[in-house]
There are 2 protein chains.
Amino acid sequence: MAYEKKIPVDLDCPLRLTMSLIESKWKSCILDELRAGKPMRPSEIHRCLPEAAPRVLDIQLKEMVEDGLVAKTIYPELPPRSEYAITDLGLSLIPIIDRMLKWGEEHFDIFEKKYGRKRSGCNS
Amino acid sequence: MAYEKKIPVDLDCPLRLTMSLIESKWKSCILDELRAGKPMRPSEIHRCLPEAAPRVLDIQLKEMVEDGLVAKTIYPELPPRSEYAITDLGLSLIPIIDRMLKWGEEHFDIFEKKYGRKRSGCNS
DNA sequence: TCATATACCGAATATTTTTTCGGTATATGA
DNA sequence: TCATATACCGAAAAAATATTCGGTATATGA
């Protein structure tokens, strides 16, 4: 099968474990989108994270389901409909996401000055 | 030059900014090693993180210096000696590292059961 | 009829990250 | 003398990740 992670998560140490669950480019943003608890359709998530290629979101959502951070519901309709919702486990990561968000806001200027302007991407 | 990141950090959103500073495989572990404030020599860090290839630590330390998370002192001696110490900026990330560490400890069992045993790596 | 939207997947490509290997130079102790 | 340790770097290979493209199937509305 394509796109299978060799080692699903890193069990080397607790820190690496946590990191490995969220370090893929868009996972933290996905959690941030789902944090409110409202289930979202993939297309909705895509629209919120326009910088991310849809395929990557597919893959990362799938991994997050596998890891138990997100739950998927498929509605047997046509055209197809499915929804992703944050789980309790995923929710327990939100305080971490929050701190990172806050840290990023507080220190944005330093890095913008240092490495240039540009700004678009995810709407946090 | 080899091993230069195309985009030093991700300025798309505050969350990605923070993530991009620490998402490389060993950066969070390096911060965790340096958190106490005691400057460490590269060889010392290597010994604490035996799973990491020395070259990677070199590279990631260099990036962290560039990003301002870590400060480097070179002593003009022979054989060469240098030390890396966490900066105030790096220190401000420690609460995040801490939460991730704690989360990892609290949820280790789930993932160990799910994805297998194995345990070595960094000594947190 | 035809473009659009839906969710998802495989394959190929591109990019990034990590790792391995070899080399610089010099001091120390066996 | 010789292996070892020190810090660091470049190049190349390997591995992991991200991206792009095209395809499945079907309902809706123009």
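Each copy carries residue A:68; placing its label point 7 Å along the C-beta direction from Cα gives inter-copy distances of 3.9 nm, listed from smallest up. Could you give the distance between the Cα centres of the range B:36-84 and the range A:1-77, to the whole Å? Centre-to-centre distance over Cα atoms comes out at 33 Å. Shown for A:20, A:43: other C-beta atoms within 10 Å of each C-beta, ranked fewest to most, produce the order A:43, A:20. Each of residue A:83 and residue A:106 was given a label point 7 Å from its Cα along the Cα-to-Cβ line. The distance between the two points is 3.6 nm. Each label point was placed 7 Å from the Cα along the Cα-to-Cβ direction; for residue B:58 and residue B:35 their separation is 2.9 nm. Counting from the shortest, the label point at residue A:51, 7 Å from Cα toward Cβ, is 2.9 nm from the same position in each remaining copy.
Can you give the Kirkwood hydrodynamic radius of chain B from its Cα pairs, in Å with one decimal? All intermediate terms of the calculation are to be shown ahead of the outcome.
Values: mean 1/r = 0.0635 Å⁻¹.
Every distinct Cα pair counted, the radius reaches 15.7 Å.
Between this copy and the others, label points of residue B:105 are 2.9 nm apart in ascending order, each placed 7 angstrom from Cα in the Cβ direction.
Here A:28, B:92, B:24 are placed in order of increasing Cβ neighbour count within 10 Å, fewest first, which gives B:92, B:24, A:28.
Filter the GluC sites (Glu not before Pro) in the range A:59-100 to those in DSSP coil with at most 13 other Cβ atoms within 10 Å of their Cβ, and list the result.
Details: sites: A:63, A:66, A:77, A:83; in loops: A:77.
Taking the range A:59-100 and a limit of 13 other Cβ atoms within 10 Å, the loop GluC sites (Glu not before Pro) found are A:77.
Estimated translational diffusion coefficient (Stokes-Einstein, Kirkwood radius over Cα pairs, 4 °C, 1.567 mPa s) of the range A:1-71: 101 µm² per second. The rotation axis taking chain A to chain B passes closest to this chain A residue's Cβ, listed with the gap in Å: A:23, 2.
For the protein assembly as shown, taking Cα atoms only, Rg and Dmax work out to 19.0, 72 Å respectively. Using just its DSSP H runs of length 4 or more, each adding -39500 (n - 2.57), the protein assembly as shown gives a mean residue ellipticity at 222 nm of -15500 deg cm²/dmol after division by all residues.
Note on residue A:98 and residue B:46: with the Förster distance fixed at 22 Å, the Cβ-Cβ geometry gives a FRET efficiency of about 0.05.
Ranking of B:108, A:111 by neighbouring Cβ atoms within 10 Å, starting from the fewest: B:108, A:111.
Throughout, read-outs are computed from the coordinates displayed, never taken from laboratory work. All values derive from a computational prediction rather than experimental measurement. Neighbour counts are summed over all protein chains in view; Cβ atoms, including those assigned to glycine, are modelled from backbone coordinates with ideal geometry.
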